[in-house]
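Peer 1: Dumping the structure here so I can ask a few things about it.
The values are calculated or read from the model by the stated rules, or taken from the named source; none is laboratory data. Since the model is a prediction, treat every value here as computed from it, not as a measurement. Glycine gets a Cβ as well: all are built from the backbone with ideal geometry, and neighbour counts include every protein chain shown.
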Protein chains: 2
Amino acid sequence: MRKALALLSVFALNVGAADNIRTLRGYSEQTSTSELQWEQKFREIPDPARLRENMQRLSARPHHVGSAYDKDNAEWILEQLKSWGLEAEIETFDTLFPTPRERSLEMLTPTDYKARLEEPAVAADPTSGQKDEQLPTYNAFSIDGDVTAPVVYVNYGTPDDYKELERMGVSVKGAIALARYGQSWRGIKPTVAAEHGAVGCLIYSDPHEDGYVEGDVFPAGPMRPEGGVQRGSVMDMPVYPGDPQTPGVGAVPGAKKLPLDQVKTLTKIPVMPISYQDAEPLLKALTGETVPASWRGSLPFPYHVGPGPTKVHLHLKFNWDRKPLYDVVMRIKGAKYPDEWVIRGNHHDAWVNGAEDPISGTSPELEEARALGQLLKQGWKPDRTIIYCFWDGEEPALLGSTEWVETHADELRQHTVAYINSDGNGRGFMRAGGSHSLENFVNGVMKDITDPESKMDVWKRVRLADISKATPEKRAELRSRADLPIFALGSGSDYTSFLDHLGVASLDLGYGGEDEGGQYHSIYDDFYWYTHFQDTDFVYGRALSQTAGTMMMRLADAPVIPFQFGDFADTVHTYVTELKKLAADERAKIKEQNDEIDEGVYQAIADPKKKMVAPSKESLPPYLNFAPLENASDELTRAAAAYDKALTAAGGNAPASVNAKLIQSERMLVDSRGLPNRPWFQHLIYAPGFYTGYGVKTIPGVREAIEQKQWTIVDEQITRVSQALQREADLLDQAAKQLASKPASGA
Amino acid sequence: MRKALALLSVFALNVGAADNIRTLRGYSEQTSTSELQWEQKFREIPDPARLRENMQRLSARPHHVGSAYDKDNAEWILEQLKSWGLEAEIETFDTLFPTPRERSLEMLTPTDYKARLEEPAVAADPTSGQKDEQLPTYNAFSIDGDVTAPVVYVNYGTPDDYKELERMGVSVKGAIALARYGQSWRGIKPTVAAEHGAVGCLIYSDPHEDGYVEGDVFPAGPMRPEGGVQRGSVMDMPVYPGDPQTPGVGAVPGAKKLPLDQVKTLTKIPVMPISYQDAEPLLKALTGETVPASWRGSLPFPYHVGPGPTKVHLHLKFNWDRKPLYDVVMRIKGAKYPDEWVIRGNHHDAWVNGAEDPISGTSPELEEARALGQLLKQGWKPDRTIIYCFWDGEEPALLGSTEWVETHADELRQHTVAYINSDGNGRGFMRAGGSHSLENFVNGVMKDITDPESKMDVWKRVRLADISKATPEKRAELRSRADLPIFALGSGSDYTSFLDHLGVASLDLGYGGEDEGGQYHSIYDDFYWYTHFQDTDFVYGRALSQTAGTMMMRLADAPVIPFQFGDFADTVHTYVTELKKLAADERAKIKEQNDEIDEGVYQAIADPKKKMVAPSKESLPPYLNFAPLENASDELTRAAAAYDKALTAAGGNAPASVNAKLIQSERMLVDSRGLPNRPWFQHLIYAPGFYTGYGVKTIPGVREAIEQKQWTIVDEQITRVSQALQREADLLDQAAKQLASKPASGA
């Protein structure tokens, strides 16, 4: 799956970048010096040649869930880990994973066209021809279906696109919605289409987002060719990810399974992904209104909305089998605090060969494990327990990580310090998203990693790159904040269960920005393509190993867990400001529209030669009480500063009870009642959007209630979040007290 | 030629819209009532059926300068005018007008392609096949040339595009620049290309701006088809328009002519327009860097900058002949003030059949003349002299209007109250640009014209449409200003000589916005196309007749010329604010870039796999003294208010001497020394941009000096403009004094 591609925005003073004699947060002077030496040794080990070999081996054949090579890869990873003297095992689960049995798409009018539904092999690319093992192009967790209906072009298929359709007087009722990939996560498209009465959904890759618009297409360049198709899951993961038949519990032998007809996360209508080569005849034949400017794709003809005269027959039938998952889990027991766990993960399964997604992340993770194995032999021992996970089944529905987390939920809640994820890697700038209590920590590590191209530290590179892109207004801010901000996480990779279900402080890491575009979820995402167009010499693979590995070591060895809450409090303040603005803007928008209806604007702009339905007046939303959120976030700011003062005074020495508190700090932000209509999602600060799928909604209970005009639940959601922030402030006050009252102990 | 398409931005109180008993500005109660009655009678006369017939006749055959049908049209117009009892004559001039003798374009490498260079006839369209009379596709005033060179894609070919090329490390030296139409006026493209060392220039119509991107192509829809070509002049008109061989004087028999080799307004390199069908093989073969996102057109492949391997041979040879022009001029002598002239114009020549450009404007102008003829028979007599001009030779270089204005410059300076231009017309919203002393007047007339579609007055329709499009920030402003703003005029039509050379208060009018896209300067701009896709029932043609005709009558009959200077002063204040911001922004931009160079930003963002040349440090511009402009514009505001007070007190009765002053008011804004490097352009407030061609630069002497970093001349330009504004304020003070001292006389 794909992570959000936002780069780190950069706010920082140019301080401490090359400060080698600094004391790490949570460390004493002495423990800091020793830690920095071990980390330095660690970073010398990861080897681009091995990263290349790993990728070649792991992406040599298609390795989706249930395939022979998926199991083979898991066993090979296990063997590698063991060969380096590490303790590891494979944990298996058994989950629903539908695969295609019958697929067909035919245009019946105005002309006949039978869709290819297959990505052609490319002669130069040796693995693109492994037809026998490739999963056909399909969207997993679409229901079976056989529908014949007219086509309506719905742009990206977001709720706003359907509002625009309504303005044009066009309905998808009884029609097949033809949506382009982009803007929202794919699984949202059939959901919203079905909400509006569509009987089927086709999703295609328009060259505007994914193809020749950005550059040369494969094999001449890295971009998606005309026959390329984006596979992918369309399960309703914003409700819950993981095995659809075992929500909230691990899919282990004996687990109670929902019957298929009671599963709520399958699509309501059949859906299939197609290439733009297959979409072109359908789109070109459409008539009706010309699309609004923002709806235009880049195929060489005018886009029309329809309906008419394009009519298609879509037929889909799946094998509704359960398949085995193979999670590989490696553990290095902590020498001092074995019950405090730092966890790392990247998935190993792919849609096809998956060189970029996920192997460009899996391979560096494996190099980290090898390097840690070497350090152990040199005498290093982590104070905390380190766990490395190589997940299976991420692509269909975060299956491997979700079932593992659900199976071990209680112990993970109790023991886990943090989870560090990656999911593919590329060339360019480091990007990091996650819990803001780790923001300062991320900044510290970035200053210790050398960028392979610019030779400056990656922190400096990202900071300067952001300055170069910022508006004049943003730049002063960019130059004055000590830490670069990390972005908030939505969903789309294996951190989801850790962060959103358990409330474990999480990070998602990777490099990118210089090798964009690609072959996402296609047969062309393979070793040939990656080694021709992406991080071809694997120096950014090494950088990812160095970055994530340094983080794991630093978190595992810190006498006091190096969370910092000032950045978190800062960030919460910006969210509260955003929410207040969102509510005010919603109110102003409705008021303005009502005023314009009264003034006669819609009569004035009506073009008699174009269909246009004027909007109706809406009742004005109530004013909302944000005071509890403002008070609580101020409390958090105060408590964060007090905790920092106490930590400085403690000089990196602290009682173990402080760490026990800190481990629970992210859990304070969880509410076991969950978010409205989706109890599995329990984090009150971060969640994937109900209508964005991957894209984050921060303070989601409040934000989505406002966005969806559910005014009556806003107050309660504000109360819940305010209480969570107050719990966090209280925990910090207690931790500060422990630091102050007990004199230095520990190492 | 094309006018700027900006709609009126709308700032207005909803007052007086249906106020039938109002007193017109410059009129007494009594004269106002009588005027409104005559105007009402006038507006009942223009007839859509006649507008359609006029268009069919005038666009029946190609009628470019020098063609048989151009002369035939002029004679037919003359005959029509005379048949309505009007006095009219044809005034002829003799000017340079090159036409193609030899044209060829061939791609030599990497494959052979011979460009078609011809627009194909369309079976359904009867006049598109008049091949014998059609001007071939070419750019008039290109020099002869025979060049073989590699091609470089230069986007729109603006100065900023060449800066971007420089950043990419690409030079056009010795190359042929391939530019797309759009952003700047076409004539700028070869100018800037030659400045950078290109040896030739090709300009093509990318479907991104002009073709299938916006809608269906002809004959299925109104958009340019793949073989469509935009003809057009590339003379360096920002230096001076009109006959290149007689700058500043009329091209009458005996006028001294510059030898061709001394003419400075021909291009420096050969240039030719092509269709995207002909551009496609050239563009597709280009390699080199992938273009920046904003450079992408909409052809279905990735765009590359080049150079290599596309190499072409361009061969152009022209007949450098002088051709006759036929301006048709009709006069209705003023009953009271025959020496005060109100002038109306629209051209009649076209590039080919020109149904839209210009006949959709010529035809309504002719209907106005017919209606005025009828009013005369009913007993109406204008107080001032009314002159209707039907210009020839607008397309090549504003030839007919410029030579006429230059020939009659002295008397026009002395007598002309205002010039009202149109140049084509369409369906939708009224747009008006021009002298801001006429802004209030335009608003008044707009309230008396009924919009054919919405049935509301056109003032209300434009105002509401602008509200619907405005940002929330702009809306409060939009709802609070009494008058809708009119835009400032650059160039691109026949008002240029009146406004920019003489300083005659001018307006440019038309309807549009609902039938955009088209066949600009193509064989498909003809009667078939216009009557299928544009103002098909000619109701907006009637609205244009009603609008311009009402303006002519109201200006001709007003006891006091209804200029209002408060809006002008307001507008000047916004220009001064813009200039201050421009200077501050330029300074900040240079400072920021210098800072970023020092910080290492360019090392940080360098991608070793892409060519990129970092900028060098620049010296900071000086702080500039805008105080004289601020003082003078405040003076103008004060004097405008004092004049308005005096006018109100005079109650629409005033001595003739006031009108003599008012006639000279726009002339106060002229400086006979002209703008830097282009003395022909003498208006200090409005001019076409030196590097935009059509697009306006307000307070151009100051603005362009800042934009071009010519810091040393800014002070002098500020002084000149300040003095002009002070002259205007002084004139208003004198007019106010005359109004106050002399008791009511006049009508």
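Peer 1: Mind listing just one residue for me: the one in the range A:456-485 that is under 16 Å from A:Leu544 (Cβ atoms) and buried (at least 23 other Cβ atoms within 10 Å of the Cβ) and, of those, nearest to the chain's Cα centre (by Cα)?
Peer 2: Here the answer is A:Val462.
Peer 1: Quick one: in the range B:258-280, of everything that is of a type in the set (A, V, I, L, M) and in contact with a helix residue (DSSP H, G or I) (Cβ under 7 Å, 6 or more places away or on another chain), which residue is nearest to the other protein chains (Cβ to nearest Cβ)?
Peer 2: B:Val271
Peer 1: Residue under question is B:Leu135, and the condition is that it be more than 18 Å from B:Ile176 (Cβ to Cβ), touching a strand residue (DSSP E or B) at 6+ places or on another chain (Cβ under 7 Å) and buried (at least 18 other Cβ atoms within 10 Å of the Cβ); does it hold?
Peer 2: yes
Peer 1: Here is a list: B:Leu316, B:Leu299, B:Leu283, B:Leu325. Which entry is away from chain A (no Cβ under 14 Å), over 30 Å from B:Ser545 (Cβ atoms) and modelled with pLDDT of 95 or more?
Peer 2: B:Leu316
Peer 1: With the requirement that a residue be facing chain A (nearest Cβ under 9 Å) and hydrophobic (A, V, I, L, M, F, W, C), what does the range B:580-599 give you?
Peer 2: B:Ala588
Peer 1: Of everything in the range A:253-275, what is buried (at least 20 other Cβ atoms within 10 Å of the Cβ) and touching a Pro at 6+ places or on another chain (Cβ under 6 Å)? Give them in sequence order.
Peer 2: Scanning the range A:253-275 gives A:Thr265, A:Thr267, A:Ile269, A:Val271.
Peer 1: Exactly one condition in (1) out of contact with any Ser or Thr (no Cβ under 8 Å at 6 or more places or on another chain); (2) in a helix (DSSP H, G or I) is not met by B:Asp567; state its number.
Peer 2: Of the numbered conditions (1) out of contact with any Ser or Thr (no Cβ under 8 Å at 6 or more places or on another chain); (2) in a helix (DSSP H, G or I), the odd one out for B:Asp567 is (1).
Peer 1: Can you confirm whether B:Leu484 is more than 14 Å from chain A (Cβ to nearest Cβ) and in contact with a Leu (Cβ under 6 Å, 6 or more places away or on another chain)?
Peer 2: no
Peer 1: Which of the residues spanning the range B:383-396 are outside any strand (DSSP E or B) and crowded, with 24+ Cβ neighbours inside 10 Å?
Peer 2: The answer is B:Asp392, B:Gly393, B:Glu394, B:Glu395, B:Pro396.
Peer 1: Could you say which residue among B:Lys323, B:Lys317, B:Lys336 is basic (Lys, Arg) and within 25 Å of the chain's Cα centre (by Cα)?
Peer 2: Selected residue: B:Lys323, the only one of B:Lys323, B:Lys317, B:Lys336 that is basic (Lys, Arg) and within 25 Å of the chain's Cα centre (by Cα).
Peer 1: A further question on this structure: Check A:Lys709, A:Lys645, A:Lys697 and return the single one that is part of a strand (DSSP E or B) and not acidic (Asp, Glu).
Peer 2: Checking each option against the conditions leaves just A:Lys697.
Peer 1: Follow-up question, since we're still on this one. Has the range A:600-614 got at least one residue that is within 14 Å of another protein chain (Cβ to nearest Cβ), part of a helix (DSSP H, G or I) and more than 22 Å from B:Arg463 (Cα to Cα)?
Peer 2: No, every residue in the range A:600-614 fails to be within 14 Å of another protein chain (Cβ to nearest Cβ), part of a helix (DSSP H, G or I) and more than 22 Å from B:Arg463 (Cα to Cα).
Peer 1: Can you tell me which residue within the range B:417-433, out of those that are more than 14 Å from the chain's Cα centre (by Cα), of a type in the set (Gly, Ala, Ser) and within 19 Å of B:Ile359 (Cβ to Cβ), is nearest to the other protein chains (Cβ to nearest Cβ)?
Peer 2: Only one residue tops the list, namely B:Gly428.
Peer 1: Of these, A:Gly248, A:Gly288, which one is of a type in the set (Gly, Ala, Ser) and more than 14 Å from every other protein chain (Cβ to nearest Cβ)?
Peer 2: A:Gly248 is the lone residue from the list that is of a type in the set (Gly, Ala, Ser) and more than 14 Å from every other protein chain (Cβ to nearest Cβ).
Peer 1: Let me ask something additional. Step by step: first the residues of the range B:525-557, then only those that are within 30 Å of B:Glu477 (Cβ to Cβ) and not hydroxyl-bearing (Ser, Thr, Tyr), then the one that is farthest from the chain's Cα centre (by Cα). Which residue is that?
Peer 2: Filtering the range B:525-557 for residues that are within 30 Å of B:Glu477 (Cβ to Cβ) and not hydroxyl-bearing (Ser, Thr, Tyr), the one farthest from the chain's Cα centre (by Cα) comes out as B:Arg554.
Peer 1: May I pose another question? Name the single residue that is nearest to the chain's Cα centre (by Cα) among those in the range A:135-165 being more than 22 Å from A:Pro281 (Cα to Cα) and among the hydroxyl-bearing types (Ser, Thr, Tyr).
Peer 2: By that ranking, first place goes to A:Thr158.
Peer 1: Give the residues of the range B:315-341 that are among the hydrophobic types (A, V, I, L, M, F, W, C), within 30 Å of B:Ile663 (Cα to Cα) and outside any strand (DSSP E or B), sorted by residue number.
Peer 2: Passing the criteria: only B:Ala335.
Peer 1: Something else about it: Count, please, the residues in the range B:678-694 that happen to be more than 17 Å from the chain's Cα centre (by Cα) and not in a loop (DSSP other than H, G, I, E, B).
Peer 2: Within the range B:678-694, residues that are more than 17 Å from the chain's Cα centre (by Cα) and not in a loop (DSSP other than H, G, I, E, B) number 1.
Peer 1: Another question, then. What is the one condition in (1) buried (at least 24 other Cβ atoms within 10 Å of the Cβ); (2) in a helix (DSSP H, G or I) that A:Ile420 does not satisfy?
Peer 2: (2)
Peer 1: I would also like to ask the following. Surrounded by 24 or more Cβ atoms within 10 Å (Cβ to Cβ), of a type in the set (S, T, N, Q) and under 15 Å from the mean Cα position of the chain (by Cα) - does that describe any residue in the range A:504-517?
Peer 2: yes
Peer 1: Something else: When A:Val312 is evaluated against the numbered criteria (1) closer than 23 Å to A:Arg101 by Cβ; (2) in a helix (DSSP H, G or I); (3) not charged (D, E, K, R), which criterion, by number, is the only one it fails?
Peer 2: (2)
Peer 1: Check A:Leu620 against each of (1) within 30 Å of A:Thr719 (Cα to Cα); (2) of a type in the set (A, V, I, L, M); (3) touching a residue at least 12 places away in the same chain (Cβ under 8 Å); (4) assigned to a helix (DSSP H, G or I) and name the one condition it does not meet.
Peer 2: Unmet condition: (4).
Peer 1: Next question. Please enumerate the residues belonging to the range A:439-466 that are away from chain B (no Cβ under 14 Å), within 19 Å of A:Arg479 (Cβ to Cβ) and outside any helix (DSSP H, G or I).
Peer 2: Selection gives A:Lys447 alone.
Peer 1: Answer yes if at least one residue in the range A:525-534 is in a helix (DSSP H, G or I), within 14 Å of another protein chain (Cβ to nearest Cβ) and of a type outside the set (Ser, Thr, Tyr), and no otherwise.
Peer 2: Yes - at least one qualifying residue is present in the range A:525-534.
Peer 1: Which condition number in (1) buried (at least 18 other Cβ atoms within 10 Å of the Cβ); (2) outside the structural domain of A:Thr402 (by TED's automatic domain parsing) is the one that A:Ala123 fails?
Peer 2: Among (1) buried (at least 18 other Cβ atoms within 10 Å of the Cβ); (2) outside the structural domain of A:Thr402 (by TED's automatic domain parsing), the lone unmet condition for A:Ala123 is (1).
Peer 1: Could you check the range A:721-747 and list, in sequence order, the residues that are at pLDDT 95 or above and out of contact with any Lys or Arg (no Cβ under 8 Å at 6 or more places or on another chain)?
Peer 2: Within the range A:721-747, A:Val721, A:Ser722, A:Gln723, A:Ala724, A:Leu725, A:Gln726, A:Arg727, A:Glu728, A:Asp730, A:Leu732, A:Asp733, A:Lys737 qualify.
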